[in-house]
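Here, each number is a calculation from the coordinates, and none is a lab measurement. As the structure is a prediction and not an experimental result, all values here were calculated from the model. Glycine also receives a Cβ, built like all others from the backbone with ideal geometry; neighbour counts cover every protein chain displayed.
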Amino acid sequence: MSRKKLIAANWKMNLTLEQAAEWLAEVEENLLEHHADVVLFPSFIYITDLMDLYQGEQILFGAQNCSHLETGALTGEVSAMQLGSAGVDYVIVGHSERRIHFGETNEAIKQKLKMALKHELFPVFCCGEPLDVRNAGKQEEYVSRQLTESLFALSADEIADVTIAYEPVWAIGTGVNATPEQAQEMHAFIRQQVAKKYSGKIAGEIRILYGGSCKPDNAKPLFACPDVDGGLIGGASLNAEDFLSIVMAAK
Ligand code: PGA
């Protein structure tokens, strides 16, 4: 079955509003092919500004996080309900930087997934192992636990709206990417787990993105792997030209 590739720009805590607007104008002007879906994840504060500026149809917009609760006294947090009400399409859930720096647990990530779906956002669920786990050869066990304790709490209907991102923590922001063989092996493993838990049909339809130092010069072989359905791009997404060439590599 053929899955349309998805290329996402995760800007993290980078770019001023002016730089973000310039990036968007450049990408809008040059994004002429529609072979892939494109989702942009700016900081919360710019999402609606950029949605207003954007005249095209190909780019969808997402947030990098949402609260595990619907509403209430949680200073500094943004809820899925608020994102939905602002017209946001996607939300990243369980990014390793949230797990590491903000103590997000598999349980909290499960709640975030539920919140996102309740408010009609498409979640991008991130999973992936740190270096010591990879060195010990325990990456499958580790990722399997992340899936079981968060993602697999969803029903078959719910999981159909989810995109998975496999992001080996040792490859994020380090300049070291997983080889296409390492990526393919883990993507196939994740798809197999989805098939076991839900069905072969659901596993065949769900998109699994690769994230971790994906750049213009290594994107093509990664995207050519049969179970790699695109990328969640951090550092290399900050430059419009680099991002555009990564989108082209998904062709
Ligand atoms: P990177 O980040 O491309 O800078 O490694 C990927 C991500 O964290 O989504």
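Would you pick out the residues in the range 142-162 that are assigned to a helix (DSSP H, G or I) and among the hydrophobic types (A, V, I, L, M, F, W, C)? Within the range 142-162, 143, 147, 151, 152, 153, 156, 159 meet the criteria. For the range 218-227, the criterion of being farther than 20 Å from residue 33 by Cβ, out of contact with any helix residue (DSSP H, G or I) (no Cβ under 6 Å at 6 or more places or on another chain) and away from the ligand (no atom under 13 Å from the Cβ) is met by at least one residue. Of the helices (runs of 4 or more DSSP H) contained entirely in the range 57-141, those carrying at least 3 residues that are more than 16 Å from the ligand (Cβ to nearest atom) fall at 80-85, 106-118, 131-135. With respect to the stated conditions, residue 174 is surrounded by fewer than 17 Cβ atoms within 10 Å (Cβ to Cβ), of a type in the set (Ser, Thr, Tyr), within 12 Å of the ligand (Cβ to nearest atom) and without any contact (Cβ under 8 Å) to a residue 40 or more places away in the chain. Exactly one residue out of 224, 195 is farther than 30 Å from residue 118 by Cα and more than 15 Å from the chain's Cα centre (by Cα), and it is 224. In summary, residue 32 fulfils each of the numbered conditions (1) more than 16 Å from the ligand (Cβ to nearest atom); (2) among the aliphatic types (A, V, I, L, M); (3) in contact (Cβ under 8 Å) with a residue 12 or more places away in the chain with the single exception of condition (3). Just give me the residues in the range 169-218 being within 18 Å of residue 135 (Cβ to Cβ) and among the aromatic types (Phe, Trp, Tyr), in sequence order. Hits for the range 169-218 are 170, 189.
Annotation: residue 13 fulfils all but one of (1) outside any helix (DSSP H, G or I); (2) within 16 Å of the ligand (Cβ to nearest atom); (3) surrounded by 14 or more Cβ atoms within 10 Å (Cβ to Cβ); the unmet one is (3).
When the criteria are applied in full, residue 63 meets the requirement of being over 16 Å from residue 244 (Cα atoms), within 19 Å of the chain's Cα centre (by Cα) and of a type in the set (A, V, I, L, M). Of the residues making up the range 207-225, those that are farther than 14 Å from residue 251 by Cα and in contact with a Ser or Thr (Cβ under 7 Å, 6 or more places away or on another chain) number 3.
Out of all the residues in the range 28-60, which are of a type in the set (Asp, Glu) and within 16 Å of the chain's Cα centre (by Cα)? Explain how you work it out, then say what you get.
Of all residues in the range 28-60, those of a type in the set (Asp, Glu) come to 28-29, 33, 37, 49, 52, 57.
Correct list: 37 only.
Applying a threshold of 6 Å to beta carbon distances and a minimum spacing of six or more residues, or different chains, the list of pairs starting in the range 123-146 at a residue that is surrounded by 14 or more Cβ atoms within 10 Å (Cβ to Cβ) and ending at one that is part of a loop (DSSP other than H, G, I, E, B) and of a type in the set (Val, Ile, Thr) reads 123/162; 125/162. For the range 125-144, the set of residues classified as closer than 19 Å to residue 177 by Cβ and touching a Leu at 6+ places or on another chain (Cβ under 7 Å) consists of 127 only.
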